[in-house]
């Protein structure tokens, strides 16, 4: 793995630099060894995509990648950045040719189909969205000792509720480098009413938790689902960019559910 190591600049097309991270070990820790209780996608934005057209003229776009949560592997983010940099001086006959090459390379690594949309740098589709729901961040909750656990959450089975909640205070740690990752987390559920203070305390417990972005969201999904036994549950984290990339894992009980777009802070 290249993460955490000094690496030279990759200046020529290098698909072999892409590094797979198997999802199975992280899911086994959550007891997910059979059918998954969620559907979802990892939505990436690559803000530093550039390549050459057939005549050698440079082009720049923002890439929006959708990688299915059902794929056996994730792609390690530093290797992804190095791979995208390796395209900078590569000529492609058209945008469709670039998309075909990049998605094929990624599919070889993640083990399932990948979608790529190329957006102009000033495309209105990149405007940050405002989240719907109640922000938890004003609650008087301190950072707890220890890491996140489902037992921290409280829900009233006597009261059923549908609500949308979010917090901008999510912080987790890279399991390789120990560096902090920052995010907003949003959820929408219908089920036993979650006590808001316990939910915020649970989210703050990730402050010293080491896990990849995708693994953190899947842990949240499983713990919240266990606590409130929802009729439905959607959860998404919007991690701020690092190395020109942001990652937005979406997990849902609804296979037809759709991930939300990027936020202003990203």
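So here's what we get for this one:
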| item | result |
| --- | --- |
| Of all residues making up segment 103-114, the number that are in contact with a strand residue (DSSP E or B) (Cβ under 6 Å, 6 or more places away or on another chain) and either farther than 18 Å from residue 21 by Cβ or touching a residue at least 60 places away in the same chain (Cβ under 8 Å) (or both) | 4 |
| Flag if residue 144 is modelled with pLDDT under 95, in the same structural domain as residue 195 (by TED's automatic domain parsing) and either at negative phi or over 20 Å from the mean Cα position of the chain (by Cα) (or both) | no |
| Test for residue 242: is it within 18 Å of residue 47 (Cβ to Cβ) and not assigned by TED's automatic domain parsing to the domain that holds residue 171 | no |
| All positions within segment 114-127 that are over 15 Å from residue 51 (Cβ atoms) and either over 17 Å from the mean Cα position of the chain (by Cα) or crowded, with 19+ Cβ neighbours inside 10 Å (or both) | 114, 122, 123, 124, 125, 127 |
| Every residue from segment 228-248 that is in contact with a helix residue (DSSP H, G or I) (Cβ under 8 Å, 6 or more places away or on another chain) and assigned to a strand (DSSP E or B) | 233, 235, 236, 237, 239, 242, 245, 247 |
| The one condition in (1) more than 25 Å from residue 31 (Cβ to Cβ); (2) surrounded by fewer than 21 Cβ atoms within 10 Å (Cβ to Cβ) that residue 184 fails to fulfil | (2) |
| Index of the failed condition, residue 232 passing every other in (1) under 17 Å from residue 46 (Cα atoms); (2) over 17 Å from the mean Cα position of the chain (by Cα) | (1) |
| Which listed residue is surrounded by fewer than 22 Cβ atoms within 10 Å (Cβ to Cβ) and under 23 Å from residue 157 (Cβ atoms), from 201, 208 | 201 |
| Subset tally (residues that are outside any loop (DSSP other than H, G, I, E, B) and closer than 18 Å to residue 79 by Cα) for segment 195-214 | 2 |
| The lone exception for residue 60 - which of (1) touching a residue at least 12 places away in the same chain (Cβ under 8 Å); (2) touching a helix residue (DSSP H, G or I) at 6+ places or on another chain (Cβ under 9 Å) it fails | (2) |
| Single residue of segment 249-261 satisfying the filter (in contact with a helix residue (DSSP H, G or I) (Cβ under 9 Å, 6 or more places away or on another chain) and at pLDDT 95 or above) that is nearest to residue 213 (Cα to Cα) | 249 |
| In segment 34-57, residue surrounded by the most Cβ atoms within 10 Å (Cβ to Cβ) [restricted to those that are in contact with a helix residue (DSSP H, G or I) (Cβ under 7 Å, 6 or more places away or on another chain) and part of a loop (DSSP other than H, G, I, E, B)] | 38 |
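The values are calculated or read from the model by the stated rules, or taken from the named source; none is laboratory data. Source: prediction; values computed, not measured. We place every Cβ from the backbone using ideal geometry, glycine too, and count neighbours over all the protein chains shown.
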